[in-house]
Each structure stands twice: as C-alpha cells, then as structure tokens.
Amino acid sequence: MAETPKKQHISVGLLAHVDAGKTTLAEAILYCSGKSRSLGRVDHGDTALDTHRLERERGITIFSSQAVFNVGQLEITLLDTPGHIDFSSETERALQVLDYAILVISGNDGVQSHTRTLWKLLQVYNIPTIVFVTKMDFARHSQDELMSELQKELDSGCVNFSSDDEDSRSEALAMCSEQLLEKYLGGGNIDDDDAAQLVLCRRAFPCFFGSGLKLTGIEEFLCSLERLVVPQKYPAAFGAKVFKINRDKNDRLTHLKVTGGVLRVKDTIGAGDSAEKINQIRIYSGEKYITVDEAPAGCVCAVTGPVNTYNGMGLGYEANSEKPVLEPVMNYRINLPKGCDAQTMLPKLRMLEEEDPQLHITWSEYLQEIHVSLMGDVQVEILKSLIMDKFGIEVEIDTGRVLYKETISNTVEGVGHYEPLRHYAEVHLLMEPLRRGSGLVFDTSCSEDSLDRNWQRLVLMHLNEKQHIGVLTGSPITDMKITLAAGRAHLKHTEGGDFRQATYRAVRQGLMQAESVLLEPYYSFRLEIPFEQPGRAINDIRMRKGTVGRPEESGGMSILTGRAPVVLMNGYAAEVAAYTGGRGRIFFEPAGYDECHETEKVVREICYQPEADIDNSPDSVFCAHGSGFNVKWDKVPEYMHLESCIKKGKSAGIISHRTLNIDEKELEAIMEREFGPVKYNLYRRSERVDTSPKTIELPEPRKQYVIVDGYNVIFAWDDLKQLADASLDAARDRLMNILCNYSAYTKINVILVFDAYRVPGGRGERFDYHNIHVAFTKEHELGDNYIESLVAEIGKNEHVRVVSSDRLIQLSVIRSGVLRTSARDFENEVDQVHARIAEALDDLNKGVRATTIGDIINPNNEK
C-alpha cells in the first residue's frame, strides 16, 4: 500500500496598507480553501482572524494572528498582519518567519505610501512576494492601468497572472531572466517550475486581480499559489525563531517557527542563561487551537513553559534577529491616576513591552516619569485600552513629542574609573562618529595582555545592555562606534558589577567632552497636487526646512518628492487638502534621522542637566586612604591610572622628535657616563680617506595626487548641490569639468571617486575623463573603503591629499599619514585657480599673440 505523502509546511503572510481589504481577502481564502464554513465580515465583527475586542470594535487588525489551511499537498500557515502604520512593528516581527508574502493592494487606492514601506521591508528581509489587487468590483482603474502602476511604483518584474494571454505572461517572465529569455527566444516554453524559481529569487512578482468580498479570482489564486510556491528544505539540527510573545488567561505563550529538526513536548530549549522545558505545543487558527506532541520544521506554533524567551530570539542554531528597521518616532509621558504608585505600575507595563519591544518603556529617575515610545495617535488609544483591560487602571497619555536622538561629531576618549573600597575597574573607550543611520557599533582593540578576554566581553555586554543617553536632551545616542581601547582589573578586588559602573561612566564622560549633535526624525514624502499649484507646495516644504526635488507630471497632477522634519510636517496633510480643494494628497514614509533644525530651542525647552542625572553620572570614583571619593568628569584625566589612548600616539612622535635635538656636547656627556672618556685619536680622520667630491644622485620629486570624494563635494558646494537637486548626472559632469581645469593648471593628478554602494547590480567602473581619473565603486563597496585602499597604495611613495568633509574618511586619512582638505576649503582653492586662469586670459587678450589653453598653463612653452 503506497504511503501518503507528507504535508509540506509553508508560512505565508498577508500585508497591506490600512483599509486595503486584507482581512476580507483572508476570510475569502479560508472560506474557499474549506477551512471556514462561513464568510466572516469586518463590518459584522465576526472575522476568523480579528479576534480581539479592540480589533472588532475598530474594524482594523492590531495583532498578528494565524490560521492553517491546506492547498493540495501544502499545509499553509497564514499570518494576518496589521495594516495601520502605527502597528508596523507587529508586522515587521512576523516577517522574520515568512516563506512567502501576499501584498494586498486596493484596486481603488492603488499603491500607497505604506505600501512602499512594506515593499522595502520585504526587500530587506528578502521575502518572495505575490501581489493580489482586491476590490476590483469597485475599482476605478482597469487591470492594465493598475499593472502599469505596479511596475512603475514597485518593480518592473510584476507580471499579470490573471490575464488570459499566456504568450504575454510567458514573454514578461522571460524578460526577468537572461537564461529564460534565451530559452524563450529559442522556442522553449516557460513552465510553472521556471516561474516558481523566478518568484523564489524575487525576480518576478505574480499579480492577481479579484475581490475578497465577492470571492472573485480566489479559487484561481489558490490554484496558482500551489504551483508557484517552492517548499523550503530545512536542516536536521534543531532551530527556531521567536516572533511573538503574548499571554492568555493562564499561560505565557511563545510564538515561534521551527526552522530545523523537530520540537517535541518536554524538550528543553536554551532561553537566556538557562534551559527551559516545553510544556505544551499549540497550533492556532484564529482564537482556537489544537495541541500536538511535536512540531516539525516549517511549522508555526505557540509553546508554553519558557518564561525567558523574547521577540527576535533565536533558538538552537538560529541567531538572534537584527534590530528592527521601523522604529517609533514619538515619545509620550504616561500619567498615572492618584494613588497608583509608579514603581508598582512599572513591572506591569514591562509585560506589555515584552509583547511589543518597540514600546521602550522607560522610567526617568531624573524626571520621576514613565515614558513610552509609540508610532502615533491610534497606538496611543490602543495602549490606554490595553492597560485598562489587563490591569484595570485608567491612565492618561500626553500629546507627546518627537523622539530625538544624539550623536557626536568628533572623536573622543571616555574614561570611567570605579574604585570604592575593595572594588576596582577602569575602562577607556574610543568614541567615533559614524554615518547617519549606522546605529551603535561596539568593538574592542584592547590587548588581552593588559585586560583578560572575559573582562573585555563583559565590557562589551554592558555597552550593549543599556540604552545610553546623550548629554544635550537625555535622548538615546546613535551613529557612533565605541571601541574598548584599554582597561584594567584587580586580581583580588574586581567584580563583574565594577566594570558595569566603569563602562557606564566612561560613556558619559566621553559624551561630556564630545561635540554633541542633536538629531530629529525625518519623513520622506510624495506630494500629489494639481499641476498649477507646485509653487505653493515647494514654498511650504522649504518653510518647513525640507528639501524637494524637481516636479514631475503624472495623470494631470504634479508629483513632488523630498524629505522634511517630522515635527514640522505634522498636520500638513490637512493643509494640502484645504488649499487643493480636496484634490491633493501627501504620503509619508520614515526616512531616518538627521540634524535637528532648531537645536538650541529644543535643548532650551527640554532643559536637561546631565550632571544632575544621578542614574547616568559622568564622574568617577577613586580610592585614597581606605575610602572612595568622587572625581568630577573633567578632572578624571588627572587621576586615571592608565595612559590616555589618544595621547599615546602623539607622545611617541614628540619623544622621537626630541631625540633628534640632542646636541653633540650632551651626547658626549652621555657617552662618557656610560662608557668612559672618549679617545679622540681613535676617531681621527685617516690620511687614506678619499675626500674628493662625488656626484650625488637626488631622488626624483614625488608626484602630487588629489583624491576627491565626489558626492561629498557635490553636496557641500552650493552650486553643485542646487544642480544635483535637478539632475545628479549634470552635477557629476560639472564637477568633472571643474577638476579637469584644476588639474591642467596645477599639474596635480586628480582621482575622482563616486560611491555606488547602494546602486543595485553596480559592477564598478574606472576610466579617464580627459586629464583626470574617475572611479565608481561596486555595489556594496563603500567609497570610504576604496579611498582608504587607494591611499594605502599610493600614499607611501607619493604626495597625496584627500578632499572630503566626511568624518570617517578624514579619520582614516589621519591614520594613513596623508594630508586632508575639507570640501569647503577645496572649493576656495579651486575658485582661486579659476581666478588665476581668468587673469591669465585677460592678460593674453590684451596682448597680440594667439592664446590657447596650453599657453595659459605653460606660458614659457616648456615641454
């Protein structure tokens, strides 16, 4: 008797912008697959996946939920994720465990700003994606019009699978791969396996059209889903990824996906520093579940028993997840009712933070307040309702302010010393600024001879365990590299907690010395307005300290794109609707952090006093006469036990310089002290010595090179920056022509470097443009790294100068021992060269002889 083939597990996520019809489509899928006996509706409050009271009251998905259904030999776990931007963190956590994603788009609304955000997330997590355009029964556009929009806004690999024209579909799929194109042109057929591989590699994105409410196109979609999905192969070793933590009435639930081996009841898994036993394995479908004895690889389940698991945790061979892409940009204060103690309430709020780590519940000892990070007003209302439902406490949440961050603009050394009686630790940290969006990077360059490896690991752990705050506003720090440069422990008195104190104090002491920079969140926007009104819109954006590109026309509307501070763009959507008579609309996407437009005002309003913040002290503790005493942060260098790591390199140069200045008398005195009186007759010149003059060959003069960081110069020079806003290609060409004139006049070799790190498929390019050399880096190759390698190659034997205002490049240049020039100083130098060329031209025009550029550069006709 033939064995029944095993079911293959696939996890598929549903993603969409709010009100796109995602939950209705999920109901249609469950109904048509035979999982549900009736078709639930959002407006009736009886959907299978929106089970929470708040979801049914508001008609939106707030928490991710799952259902399991079968299509052929596939057992599909469908994960329904929130569509509202305020709950994007819940959506992003679910992405960690998806094999495929279904991106739902409303036929009425088309591609929205949040759709683009989700598309970027799917790219980051490299998830194969299928598009379903729903609400086609009410759509204002045809399939062809919507396909054109999808190919333009999302990816040119979007292919219409709802079309009856198989030839057009095959041709579109063939265009997604050179190998398939050769096969297609040779008369071969593009089959389902070919299409499935293109989908798996994210080269093709099948697009389906239908209606979840009318069940149109659902059956065809499910049939195609079975053909287009490639089941994943999992290793035999156990692995799992945690993507959600929540609680029912009795148990703490850890939701995870098994990514290798088998998970069984009573198995023990590593959670934190201890192993915890699995008591129960549940497979959920909506709010109902079944218990099973084991969960094979590919299965998404919830387990009871572990209490130390957390979102993004890797079990078995799985590593922990990276930091989320989307982060809250607003910070709120939670006001507790009278009689409610903050220290009693804080552990309860930590339970909510455990379920949603992006809440960042913090207690400010300095302000005696509880703060929470949220995405927007809708999440504020939901949080208040959750606190009331779970803990029976009615809290108030203020209007909030944007969540600022801080970084530094120069390199400093932070020193922390902790030495009360019978304790000892000293830590030296090198703190360097990084590019915007880099986050915090921790490293060590400390020798294990001076500080044991275990202590070094402890310091790195303490750096990573806490949200360190800046000294301007008390906001979290970011975009810097903190390197453990030196440290010291005591064989007898040092304990683990000593290095925690020393590390925290070293960070704060470094920040107190540094040039701090306040950062604020920015939005990138897409503004659609009637074509006669771009002037008003551009003026509005510039008044809000934003940047805007050249207007484009599409469908009778002007399209403006750019970026601006979040705090100044709040409420602008209503203003757009007002002055355009309801025809205009604006879409926002998070665009990271950049320098605050009004630093002094914000710092003055927040009025943070870093030295009064006792939980984040920059001072150190030293010991003398059997007791510890406090030393202010600016006096710590006078008391510290280890030499400064920054001054160490400088002092070596000074010592070397001094040894060269010892005169002959001093040298003779030293020699006499060490070796006795000098016998001069031994040093007399021999009569046989040849004193005739000899020809000395002088070395050839070193060539002069100037290496220019292209994009840094373009955006530092006002004329080029203004030109780049209209056309980056034109700005590049202009810079190359300017440098050609500079090189021709000064006889200096110019190398112009353009960073193509984020250019998809960039292979790098090197070529000569007239008399200069131009280099474009490859994809994933930083211009910084290319310039650093170039300096290392030619800097030893030639005279090299690097032009850039980038702090990292300047720091690298200093270490390499070559000269550096800021972009602004180089602009002044180029202007002077152009002025000299203009003067020479004027002089020659007054004369009689003919003029050429060769005459200007080489007036004496030197060959």
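So, in region 787-820, of the ones that are β-branched (Val, Ile, Thr) and crowded, with 20+ Cβ neighbours inside 10 Å, which residue ends up modelled with the lowest pLDDT?
Checking each candidate, the answer is Val813.
Confirm whether Asn126 is at positive phi and either open to solvent by 30 Å² or more (accessible area, probe 1.4 Å) or not in a loop (DSSP other than H, G, I, E, B) (or both).
Criteria met by Asn126.
Under 6 Å between Cβ atoms, which residue pairs at least 6 apart in sequence (or on different chains) link something in region 621-642 that is more than 15 Å from Met512 (Cβ to Cβ) and touching a residue at least 24 places away in the same chain (Cβ under 8 Å) with a partner that is among the hydroxyl-bearing types (Ser, Thr, Tyr) and open to solvent by 90 Å² or more (accessible area, probe 1.4 Å)?
Phe622/Tyr639
Looking at (1) open to solvent by less than 60 Å² (accessible area, probe 1.4 Å); (2) under 28 Å from Glu600 (Cβ atoms), can you tell me which one Arg436 breaks?
Exception for Arg436: condition (1).
Arg422 - would you say it is over 20 Å from Val507 (Cα atoms) and outside any helix (DSSP H, G or I)?
Values: over 20 Å from Val507 (Cα atoms): yes; outside any helix (DSSP H, G or I): yes.
Yes: the conditions hold for Arg422.
Can you tell me which of (1) in a helix (DSSP H, G or I); (2) surrounded by fewer than 19 Cβ atoms within 10 Å (Cβ to Cβ) is the one Arg333 doesn't meet?
So Arg333 meets the others, but not (1).
Please enumerate the residues belonging to region 414-431 that are surrounded by 20 or more Cβ atoms within 10 Å (Cβ to Cβ) and out of contact with any Asp or Glu (no Cβ under 9 Å at 6 or more places or on another chain).
The answer is Gly414, Val427.
Hey, among the residues in region 386-401 that are at pLDDT 85 or above and open to solvent by less than 30 Å² (accessible area, probe 1.4 Å), which one's farthest from Thr478 (Cα to Cα)?
For region 386-401, the residue satisfying everything is Ile393.
Looking only at residues in region 78-123 that are of a type in the set (A, V, I, L, M, F, W, C) and part of a helix (DSSP H, G or I), which one is farthest from Val378 (Cα to Cα)?
Looking at the filtered set, the residue picked out is Leu122.
Output the qualifying pairs, or none if there are none: Cβ atoms under 7 angstrom, residues six or more apart or on different chains, first residue in region 823-835 and of a type outside the set (D, E, K, R), second residue outside any helix (DSSP H, G or I).
Sorted first by the residue in region 823-835, then by its partner, the pairs are Ala823/Ala716; Ala823/Trp717; Ala823/Val803; Ala823/Ser804; Ala823/Ser805; Phe826/Val803.
Would a scan of region 544-562 turn up a residue that is touching a residue at least 40 places away in the same chain (Cβ under 8 Å) and in contact with a Pro (Cβ under 8 Å, 6 or more places away or on another chain)?
Yes, the conditions are met somewhere in region 544-562.
Under 7 Å between Cβ atoms, at least 6 apart or on separate chains: pull out the pairs that start in region 86-114 with a residue that is closer than 24 Å to Glu226 by Cβ and in contact (Cβ under 8 Å) with a residue 24 or more places away in the chain and end on any residue that is polar (S, T, N, Q) and outside any loop (DSSP other than H, G, I, E, B).
Val97/Ser11; Leu98/Ser11; Asp99/Ser11; Ala101/Thr129; Leu103/Thr129; Val104/Thr134; Ile105/Thr115
List pairs: first residue in region 377-392 and farther than 25 Å from Gly571 by Cβ, second residue outside any helix (DSSP H, G or I) and open to solvent by less than 30 Å² (accessible area, probe 1.4 Å) anywhere in the structure, Cβ distance under 7 angstrom, at least six positions apart or on different chains.
If the second residue must be outside any helix (DSSP H, G or I) and open to solvent by less than 30 Å² (accessible area, probe 1.4 Å), the pairs left are Ile387/Ile393; Ile387/Val395.
State the number of residues belonging to region 336-364 that are surrounded by 15 or more Cβ atoms within 10 Å (Cβ to Cβ), without any contact (Cβ under 8 Å) to a residue 24 or more places away in the chain and under 21 Å from Asn246 (Cβ atoms).
Counting residues in region 336-364 that are surrounded by 15 or more Cβ atoms within 10 Å (Cβ to Cβ), without any contact (Cβ under 8 Å) to a residue 24 or more places away in the chain and under 21 Å from Asn246 (Cβ atoms) gives 2.
In region 467-483, what residues are in a loop (DSSP other than H, G, I, E, B) and under 19 Å from the mean Cα position of the chain (by Cα)?
Gln467, His468, Ser475, Thr478, Asp479
Out of region 365-380, which residues are surrounded by 15 or more Cβ atoms within 10 Å (Cβ to Cβ) and either part of a strand (DSSP E or B) or not aliphatic (A, V, I, L, M) (or both)?
Answer for region 365-380, where residues must be surrounded by 15 or more Cβ atoms within 10 Å (Cβ to Cβ) and either part of a strand (DSSP E or B) or not aliphatic (A, V, I, L, M) (or both): Tyr366, Glu369, Ile370, His371, Val372, Ser373, Leu374, Gly376, Gln379.
Going through Leu118, Leu150, Leu122, Leu154 one at a time, which residue ends up being in contact with a Cys (Cβ under 7 Å, 6 or more places away or on another chain), of a type in the set (A, V, I, L, M), touching a residue at least 12 places away in the same chain (Cβ under 8 Å) and closer than 30 Å to Ser321 by Cβ?
After ruling out the rest, the residue left standing is Leu150.
From the residues in region 534-559 that are of a type in the set (S, T, N, Q) and out of contact with any strand residue (DSSP E or B) (no Cβ under 7 Å at 6 or more places or on another chain), which one is least open to solvent (accessible area, probe 1.4 Å)?
Once the filter is applied, the top-ranked residue is Ser554.
Is it fair to say His417 is part of a loop (DSSP other than H, G, I, E, B), over 26 Å from Gly592 (Cβ atoms) and in contact with a His (Cβ under 9 Å, 6 or more places away or on another chain)?
In short, no.
May I ask you to list the residues in region 177-197 that are hydrophobic (A, V, I, L, M, F, W, C), modelled with pLDDT of 90 or more and open to solvent by 70 Å² or more (accessible area, probe 1.4 Å)?
Those that are hydrophobic (A, V, I, L, M, F, W, C), modelled with pLDDT of 90 or more and open to solvent by 70 Å² or more (accessible area, probe 1.4 Å): none in region 177-197.
Only one residue in Asn250, Asn320 is closer than 24 Å to Ala236 by Cα, open to solvent by 10 Å² or more (accessible area, probe 1.4 Å) and in a loop (DSSP other than H, G, I, E, B), so which one is that?
Asn320
Do we have any residue at all in region 198-221 that's touching a residue at least 24 places away in the same chain (Cβ under 8 Å), assigned to a loop (DSSP other than H, G, I, E, B), farther than 30 Å from Gln151 by Cβ and open to solvent by 10 Å² or more (accessible area, probe 1.4 Å)?
no
Counting only residues that are part of a helix (DSSP H, G or I) and open to solvent by 60 Å² or more (accessible area, probe 1.4 Å), which one in region 580-613 is farthest from Glu520 (Cα to Cα)?
Residue satisfying both the conditions and the ranking: Glu611.
Scan region 41-64 for residues that are outside any loop (DSSP other than H, G, I, E, B) and either aliphatic (A, V, I, L, M) or open to solvent by 20 Å² or more (accessible area, probe 1.4 Å) (or both) and jot them down.
Arg53, Leu54, Arg56, Glu57, Arg58, listed by residue number.
Looking at region 287-310, can you tell me whether even one residue there is open to solvent by 60 Å² or more (accessible area, probe 1.4 Å), of a type outside the set (A, V, I, L, M), assigned to a loop (DSSP other than H, G, I, E, B) and touching a helix residue (DSSP H, G or I) at 6+ places or on another chain (Cβ under 8 Å)?
Checked against the condition, which is being open to solvent by 60 Å² or more (accessible area, probe 1.4 Å), of a type outside the set (A, V, I, L, M), assigned to a loop (DSSP other than H, G, I, E, B) and touching a helix residue (DSSP H, G or I) at 6+ places or on another chain (Cβ under 8 Å), region 287-310 yields at least one hit.
The values are calculated or read from the model by the stated rules, or taken from the named source; none is laboratory data. Just so it is clear, the model here is predicted, and its values are computed rather than measured. Using ideal geometry, Cβ is built from the backbone for each residue, glycine included, and neighbour counts are taken over all protein chains shown. In case anyone asks, the SASA skips ligands and DNA or RNA and just uses the protein heavy atoms, side chains included. Shrake-Rupley method; radii C 1.70, N 1.55, O 1.52, S 1.80 Å.
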